[in-house]
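The values are calculated or read from the model by the stated rules, or taken from the named source; none is laboratory data. Just so it is clear, the model here is predicted, and its values are computed rather than measured. A quick note on method: Cβ atoms are made from the backbone with ideal geometry, for glycine too, and the neighbour counts reach across all protein chains shown.
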Amino acid sequence: MNISVIGTGYVGLVSGVALSEVGHHVTCLDINEEKVAQLLRGESPIYEPGIEEMMKRNIKSGHLHFTTDYKEACDEADALYIAVGTPEKEDGTADLRFVKAVVDSVAANLTDAITVVIKSTVPVGTNDWVQSLFDEQAEVVVNVVSNPEFLREGSAIHDTFYGDRIIIGADNQEAGDVVAAINKSFDIPIFRTDRRSAEMIKYAANAFLATKISYINEISNMCDIMNANVEDVAKGMGMDKRIGSGFLNAGIGYGGSCFPKDTSALLKQAEAQGMPFPLMRAVIDTNADQQLKLIDKAEDRFGSLKGKKIAVLGLSFKPNTDDMRAAPSIPVTSRLILDGAEVTAYDPIAMNAAKNVLPKAITYAESVKECIQDAEVIFILTEWKEILSDLLSLIQDNNKKVVLFDGRNSYGYQELKDISLVEYYSIGRPLLTNQLEKVSY
Ligand code: UGA
């Protein structure tokens, strides 16, 4: 089929590339000319393992094309995907400005009946609203179908080809059939429902995962107080199939472009209908507190952090991405600077992106080694393999005692027991810290 995808951000680009890989003829449109020129050269504007090879292959075979021209994207397309951003507004609601702009441009350029597929994460009722806009503005028949996206940054290509389900929300049976046919080659279970339920599935799924994370983080805080080990607690909980073991890693909270925005948008949608949803409010508040958990621990240990030389390792919101949106490194480094600490930071990929959003007073190092060489204190904020695999031996080589605050529970007793230079604190594992003290001090 001929498919056009509007928006070449994370969701749009990955969807477009994947649809071309399974044999469709895909035109991706973005209004950013510079970005389109880069894409035409086969260069990905996002850091995502595997995407460039797939892009290049499909550009070469003629299955994948990029343009800035709406007429070109609308001509001959059997289906048109909307995959533009729906960022969080100041008041916590989703900003639908970009969706509206796309609808206006598409409606003005359509010459044939078409199925419009909404991939962007949009509040419940948005597909109906977009349908009404097309009904008013387009001179041809348009059927709007909701097809939310479940890929994770950093494993987006893998998730697209090995997802758990594809959700298709259609109020028009034939339009739903078109989207089901487009997705047939992925060989992933398809669940069909109405548009509003499909929109709700996306929010409910992300908010539930965020809830799991905030829940295990609160349990980790209790483990800290009550001398239990959250890792074992999560393992024991996860063995119950009704609970499941995924998304029970305690740490310094969730970040990224999705969970913070979607939990907030879901809460706002409920409140707008007169429903307070205190559970979602608690999930969000817990996460904000959790992002500063290492600061609390460091203050407990030192009293004041003024003048402390602190190495911060890992800046992106999670490994394998350069995305800094809602990364815990933002509140953590801001507080460290405010408290008068001397901060040196390192990230394998996100350093350029970080420089735009983190406090100006931070010094950046070119390697883990350089980052820790003068440090008295080390914070691990993101569990990059590149950081974790060398850190302990680099600390030994540096021959300088450090206090290590690990926000991702990256190390276990076996790895730490022979490292005499480290005083170690993690999240919800006081027993581990106590065990090490017995050996090292
Ligand atoms: C998330 C969802 O997992 C995807 O299914 C969804 O499609 C996507 O949002 C979206 O709505 O576009 P993503 O934000 O890329 O994907 O990242 P995740 O891998 O889900 O991680 C989110 C955050 O939770 C990270 O900050 C991570 O460190 C944190 N996390 C995750 C934990 O703290 N503990 C865990 O056990 C798992």
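Go through segment 372-393 and give me each residue that's under 30 Å from the mean Cα position of the chain (by Cα), of a type outside the set (Asp, Glu) and in a helix (DSSP H, G or I).
Ile372, Lys385, Ile387, Leu388, Ser389, Leu391, Leu392
Which residue, of Glu199, Glu174, Glu139, Glu149, is among the acidic types (Asp, Glu) and in contact with a Lys or Arg (Cβ under 7 Å, 6 or more places away or on another chain)?
Sole residue among the options that is among the acidic types (Asp, Glu) and in contact with a Lys or Arg (Cβ under 7 Å, 6 or more places away or on another chain): Glu149.
Check off (1) more than 16 Å from the ligand (Cβ to nearest atom); (2) of a type outside the set (Gly, Ala, Ser); (3) in contact with a Gly (Cβ under 7 Å, 6 or more places away or on another chain); (4) in a helix (DSSP H, G or I) for Val145 and give me the number that stays unchecked.
The one condition Val145 does not meet is (4).
Do you know which of the residues in segment 237-278 that are within 16 Å of the ligand (Cβ to nearest atom), of a type in the set (S, T, N, Q) and out of contact with any Gly (no Cβ under 7 Å at 6 or more places or on another chain) is nearest to Tyr413 (Cα to Cα)?
Asn249
Just for segment 210-236: of the residues that are surrounded by fewer than 16 Cβ atoms within 10 Å (Cβ to Cβ) and not small (Gly, Ala, Ser), which one is nearest to the ligand (Cβ to nearest atom)?
Lys235
Among Lys212, Lys268, Lys241, which is assigned to a loop (DSSP other than H, G, I, E, B) and charged (D, E, K, R)?
Lys241
Quickly run through segment 184-204 and pick out the residues that are buried (at least 16 other Cβ atoms within 10 Å of the Cβ) and part of a helix (DSSP H, G or I).
Those that are buried (at least 16 other Cβ atoms within 10 Å of the Cβ) and part of a helix (DSSP H, G or I): Phe186, Arg195, Arg196, Ala198, Glu199, Met200, Ile201, Lys202, Tyr203.
Of all residues in segment 21-64, which are within 20 Å of Leu151 (Cα to Cα) and touching a Lys or Arg at 6+ places or on another chain (Cβ under 9 Å)?
Once the filter is applied, which keeps residues that are within 20 Å of Leu151 (Cα to Cα) and touching a Lys or Arg at 6+ places or on another chain (Cβ under 9 Å), segment 21-64 yields Glu21, Val22, Pro45.
Please state which of the following conditions Val17 fails to meet, knowing it meets all the rest: (1) part of a loop (DSSP other than H, G, I, E, B); (2) within 22 Å of Ile349 (Cβ to Cβ).
(1)
Having 3 or more residues that are under 17 Å from Ile380 (Cα atoms) is the bar; report the helices (runs of 4 or more DSSP H) wholly within segment 273-356 that clear it.
Qualifying helices (runs of 4 or more DSSP H): 293-302, 329-338.
It is to be established whether one or more residues within segment 380-392 are in contact with a Cys (Cβ under 9 Å, 6 or more places away or on another chain), modelled with pLDDT of 95 or more and surrounded by fewer than 19 Cβ atoms within 10 Å (Cβ to Cβ).
no
Sort through Ala207, Ala265, Ala234, Ala250 and tell me the only one that's hydrophobic (A, V, I, L, M, F, W, C), touching a strand residue (DSSP E or B) at 6+ places or on another chain (Cβ under 6 Å) and not assigned by TED's automatic domain parsing to the domain that holds Glu90.
Residue meeting the stated conditions: Ala265.
Which of the residues that make up segment 210-228 are more than 25 Å from the chain's Cα centre (by Cα) and within 25 Å of Ala288 (Cβ to Cβ)?
Met222, Cys223, Asp224, Ile225, Met226, Ala228
Being among the aliphatic types (A, V, I, L, M), surrounded by 20 or more Cβ atoms within 10 Å (Cβ to Cβ) and either on the phi < 0 side of the Ramachandran plot or in the same structural domain as Met222 (by TED's automatic domain parsing) (or both) is true for just one of Ala288, Ala353, Ala282, Ala345. Which residue is that?
Of Ala288, Ala353, Ala282, Ala345, the one residue that is among the aliphatic types (A, V, I, L, M), surrounded by 20 or more Cβ atoms within 10 Å (Cβ to Cβ) and either on the phi < 0 side of the Ramachandran plot or in the same structural domain as Met222 (by TED's automatic domain parsing) (or both) is Ala345.
State which residue is farthest from the chain's Cα centre (by Cα) when the search covers only segment 84-110 and only residues that are within 24 Å of Cys74 (Cα to Cα) and not hydrophobic (A, V, I, L, M, F, W, C).
Asn109
Take segment 8-39 and flag every residue that is over 16 Å from Leu80 (Cα atoms) and within 16 Å of the ligand (Cβ to nearest atom).
Tyr10
If you check Ile213 against the conditions, is it within 27 Å of Pro328 (Cβ to Cβ) and of a type outside the set (Asp, Glu)?
Yes.
Taking the condition away from the ligand (no atom under 15 Å from the Cβ), at pLDDT 95 or above and among the acidic types (Asp, Glu), does Asp296 pass?
In short, yes.
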